Amino acid sequence: MSDNRVQFGTKLGVIATTVGSAVGLGNIWRFPYEAGTHGGGAFLLMYIFFILVIGIPVICAEFIMGRGTRRNIFGAFRMLHSCRQWAWIGYMGIIASILILSFYSVVAGWTLEYFTQSLTGGIASMDYGVRNQSFDEFSTGWRPVMWTLVFLAFNAVIVLRGVRKGIEKASNILMPILFVILILFCVNSLFMPGAREGLEFLFKPDFSKVDSSVLIGALGQAFFSLSIGLGTMMIYSSYFSEETPLVKSAAMTASLDTLVAILAGIIIFPAVFTFDAEPAAGPKLVFEVLPDIFHQLPGGVVWSTLFFFLLFLASLTSTISMSEICVAFFCEQLGLSRKRAALLNTGIAMTLGTLCALSFGALNGFRIFGLTIFDLFDYASSNVMLPLGGMLISIFVGWFIDRNVVVAQLKGTGTIPGWFLRLVIFSLKYVAPAGIGLVFLAGLGVI
Ligand code: TRP
């Protein structure tokens, strides 16, 4: 009996930490806006397809390397293969994690603004009609810079003090609450006048809309949302016990993460059509539509206070996992103290984050390839670096490391049917790399 309890405890812990990293602004802010700009239903379908055939195998690959070596991404590559060039994937992961931390903190900063606006009741005036002005006025000013810095300071304190455990414990209790709130909001959205149109937009695929940008967007969203491609899941799995079933945990993480994204879609799109917003509004979509939802909800101010607070916490558990990649690198490879490493990471992110925050206002005219700094960071990391990292990680695990390590990790202490084992290895060797390669080729206009 007590044995069972211990086991249950660890299983829950595994799922809670990986889901804590995966679930964040990626699901609630990024998914609806990406789905909105890429035509809705067809995007959702491609996104789910990529999660299944590419995302889950890549999580497994990261898990195999992490638990197999119990090292960070650099150590893992070194331990598993003598060729040092593989470590370049690690460098790409570091750069991607800093770029993501920079723009992610801007959006997390927006949630802090909305949280304080909810506390003071100011959100009530952000309602229909003045909505567009409210967000634009706020986002083009200097306050987002302040909030970005405040958010990064919170993040730094946690990373510095090593009180990660406390935050994660708290989030294990609070995230289920966020989940329940999301379900309540979904029900509320289903009764809106625009519900039918919204759900059709989200669930009815229009394949004529699928082009290479939809494919790249859906693949990037799958990687971003699952926190894969730069070694986050690798680090986390290095703490797994031998009993943790890797494929099952990967599938659980992916399912819960996808579920939260779909819930966010069901909340947002009926509201988009009810309040006459533009589905393709881009990064500001959710922040324009949510105040409308809260406005028509009884006790809206209380709901929005709670919601933005929980969203802030969900963002924090995600940014902690991103920072860890960089901090571990500065400590272990460059020999800095943890304090210096955390300060360096925060300093870089504060500088780049300020540029991202200003790219909605003062720096809006500054564009590279037609993209603002914010969009460029997002595009380069999510749509290019993460899938490229994931492709190389699955090639590495599928082709270059000792097959016995792969089989031993996939089996763990349990048993796993032979055909299933072969299927996972087949996905790692062929399906995931080829799938990502094809999307890249489509993006480059080659096919
Ligand atoms: N997946 C997180 C989200 O959806 C963001 C995140 C955390 C992430 N760690 C990551 C994305 C590592 C890419 C890589 O909000």
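The values are calculated or read from the model by the stated rules, or taken from the named source; none is laboratory data. Given the structure is predicted, the values throughout are model-derived calculations rather than measurements. For neighbour counting, all protein chains shown are included, and Cβ atoms are generated from backbone atoms with ideal geometry for every residue, glycine included. For the accessible areas, the whole protein counts, side chains as well, though only heavy atoms, and no ligand, DNA or RNA atoms are used. Shrake-Rupley method; radii C 1.70, N 1.55, O 1.52, S 1.80 Å.
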- prompt: Pairs of lysine in the chain with Cα under 27 Å and at least 8 positions apart or on different chains: total?
  reply: 13
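Sum -39500 (n - 2.57) across every DSSP H segment of at least 4 residues in the chain, then divide by the residue count to get the 222 nm mean residue ellipticity, nearest 500.
After summing the helix terms and dividing by the residues of the chain, the value is -23500 deg cm²/dmol.
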Distance (nanometres) between label positions extended 7 Å along Cα→Cβ at Asn364 and Ala280: 1.9 nm
Charge-dipole axis of the chain as Lys and Arg at +1 and Asp and Glu at -1 on Cβ define it, positive-most pick from Phe374, Thr37, Val327: Val327
message: In whole percent, and with a 1.4 Å probe on the protein chains, what portion of the accessible area of region 75-120 is carbon and sulfur?
response: 65 percent
statement: Rounded to the nearest 10 Å², the 1.4 Å probe accessible area of Asp206 is 60 Å²
field: Contact order relative to length of the chain, as percent, for alpha carbon pairs under 8 angstrom and 6 or more apart
entry: 36 percent
- line: Of every hundred units of 1.4 Å-probe accessible area on region 236-377, the number belonging to carbon and sulfur atoms, as a percent, is 67 percent
Dipole of region 232-360 [Lys/Arg +1, Asp/Glu -1 at C-beta], most positive-end residue of Ile266, Pro298, Thr244: Thr244
- prompt: On full extension of the chain, what length is gained from Arg422 through Cys83, given 0.36 nm per residue of separation minus the C-alpha to C-alpha distance?
  reply: 119.4 nm
field: Cβ-placed point charges (K, R +1; D, E -1), dipole of the chain about Cα centre in debye, nearest 20
entry: 1580 debye
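Please work out the Cα convex hull volume for the chain and give it in Å³ per residue. Before the final figure, lay out each step's value.
Working: hull volume 66.5 nm³, N = 447.
Measuring per residue, one finds 149 Å³ for the Cα hull of the chain.
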- prompt: Which length gain, in nm to one decimal place, applies between Ile177 and Thr120 when the Cα-Cα distance is subtracted from 0.36 nm times their residue separation?
  reply: 18.3 nm
task: Starting from the residue with the highest accessible area, list Glu324, Glu242, Glu62 in decreasing order, probe 1.4 Å.
output: Glu242, Glu324, Glu62
query: What nm distance separates the two modelled labels at Leu371 and Asp136, each placed 7 Å from Cα along Cα→Cβ?
result: 2.4 nm
message: For region 297-371, I need the span (max minus min coordinate) of the C-alpha atoms along each principal axis, in Å, sorted largest to smallest.
response: 54, 33, 17
- line: Length gained, Ser208-Met252, 0.36 nm per residue minus C-alpha separation, equals 12.6 nm
query: Between region 175-225 and region 230-258, what is the C-alpha centre distance in whole Å?
result: 24 Å
- prompt: If one takes the longest principal axis of the Cα atoms in the chain, at what angle in degrees, from 0 to 90 and to the nearest 10, does the Cα axis of helix 300-332 lie?
  reply: 30 degrees
query: Residues of the chain: accessible area per residue at 1.4 Å, in Å²?
result: 40 Å²
task: Quick one: check the C-alpha center-to-center distance for region 272-320 versus region 388-447, whole angstrom.
output: 37 Å
task: Round to the nearest 10 and give me the degree value, 0 to 90, for the angle of helix 164-190's Cα axis relative to the longest principal axis of the chain.
output: 50 degrees
